[in-house]
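Below is one structure, written out as structure tokens; comments come after it.
The values are calculated or read from the model by the stated rules, or taken from the named source; none is laboratory data. Note that the coordinates shown come from a computational prediction; the quantities given were computed from them, not determined experimentally. Reconstructed Cβ throughout: ideal geometry from the backbone, glycine too, with neighbour counts over all protein chains shown.
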Amino acid sequence: MTRKLLVAGNWKLNGSIAMTNDLISAIANGLSNSKNFDVAVFPPFVYLSQASKLVGDKILFGAQTVSEYEKGAYTGEISAVMLKEMGCQMVLVGHSERREYFKESNQDIANKFKAAQAQGLKPILCCGETLEQRNSGVTEQVVAEQINVVIDLVGIDAFKNAVIAYEPIWAIGTGVTASSEQAQEVHAFIRSLLSLKSDTIAPLVPILYGGSVKGSNAQELFSMQDIDGGLIGGASLTAHDFLAICQQADKLS
Ligand code: 13P
């Protein structure tokens with residue numbers, strides 16, 4: 001089974017009009033027209049319109065979260081319909097920073113996943129454990145719960161049009177990357193979890209790794225059997241670092 005690699009840049013709360021312009025233009029210029037892997041950027045909401053004019057046909061783009069609601073009196077929210085109108089193809093849901101700082105529950109995230117798909121956006125469902133959870137041996141339990149709540153709401157078929165990102169919280173922004181074996185172990189577990197519901201869908205779902213991915217470790221991570229690319233934070237903020245990761249994906253695709 002060959003799944004296409006995806007290198008996705010999550011800008012988090014970073015960016016400006018100038019940065020959006022310079023970064024996306026430089027990424028687009030640095031990617032070959034004939035590349036055989038996908039590249040996506042996730043700027044803050046307010047730069048999505050600008051991003052849509054810069055991405056061309058080599059870069060996908062999306063938002064970092066989405067409202068579970070379609071419209072109405074929900075001050076500050078952005079709906080999937082709005083993202084679709086902006087031209088987004090994808091959206092992150094359940095990033096650990098949303099879970100931790102904005103108290104999003106597994107159920108909230110499942111609702112967002114459903115709302116995104118209802119408008120034809122491809123959700124990237126993020127999951128991952130804290131260091132405490134890893135040290136107490138409950139990584140698989142935590143990740144299974146995060147994914148199963150979504151499967152229970154939308155069904156396994158919905159994963160035909162979704163991506164999962166495994167991002168161990170202890171590896172995010174810390175410079176500590178999970179070893180390729182540690183990451184592969186959890187990725188394989190996630191795929192086995194999907195297989196329990198459908199043997200045919202499980203091999204199709206791209207599973208990205210996130211957490212201190214850089215040009216220097218991307219190739220080793222992406223060459224693991226169940227690692228299908230990366231969700232990149234810090235190294236997605238400069239074209240030099242992001243393209244260094246893309247080059248590694250290019251070698252493997
Ligand atoms: P870093 O690459 O900065 O560790 O962030 C990973 C991440 O959270 C991407 O969503």
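Entry remark, the range 194-238: residues being within 17 Å of the chain's Cα centre (by Cα) and within 16 Å of the ligand (Cβ to nearest atom) number 23 in total. Tally the residues that are in contact (Cβ under 8 Å) with a residue 24 or more places away in the chain and either part of a helix (DSSP H, G or I) or surrounded by fewer than 16 Cβ atoms within 10 Å (Cβ to Cβ) (or both), restricting the search to the range 36-49. Here the count works out to 5. Regarding GLN184, is this residue surrounded by 15 or more Cβ atoms within 10 Å (Cβ to Cβ) and closer than 21 Å to ALA28 by Cα? When the stated conditions are applied, GLN184 does not pass them. For first residues located in the range 154-182 and within 15 Å of ASN10 (Cβ to Cβ) and in contact (Cβ under 8 Å) with a residue 24 or more places away in the chain, partners that are within 11 Å of the ligand (Cβ to nearest atom) and β-branched (Val, Ile, Thr) and lie 6+ apart or on another chain with Cβ distances below 7 Å form the pairs VAL163/ILE124; ALA165/ILE124; ALA171/THR177.
Within the bounds of the range 54-61, is there any residue that is in a helix (DSSP H, G or I) and at pLDDT 95 or above? Yes.
Scanning the range 171-181 for residues that are surrounded by 15 or more Cβ atoms within 10 Å (Cβ to Cβ) and either away from the ligand (no atom under 16 Å from the Cβ) or more than 17 Å from the chain's Cα centre (by Cα) (or both) gives a single hit, SER180.
Residues checked against (1) of a type in the set (Gly, Ala, Ser); (2) under 18 Å from the mean Cα position of the chain (by Cα); (3) away from the ligand (no atom under 16 Å from the Cβ):
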position	(1), (2), (3)
ASP157	no, no, yes
LYS160	no, yes, yes
HIS240	no, no, no
LEU243	no, yes, no
ALA249	yes, yes, no
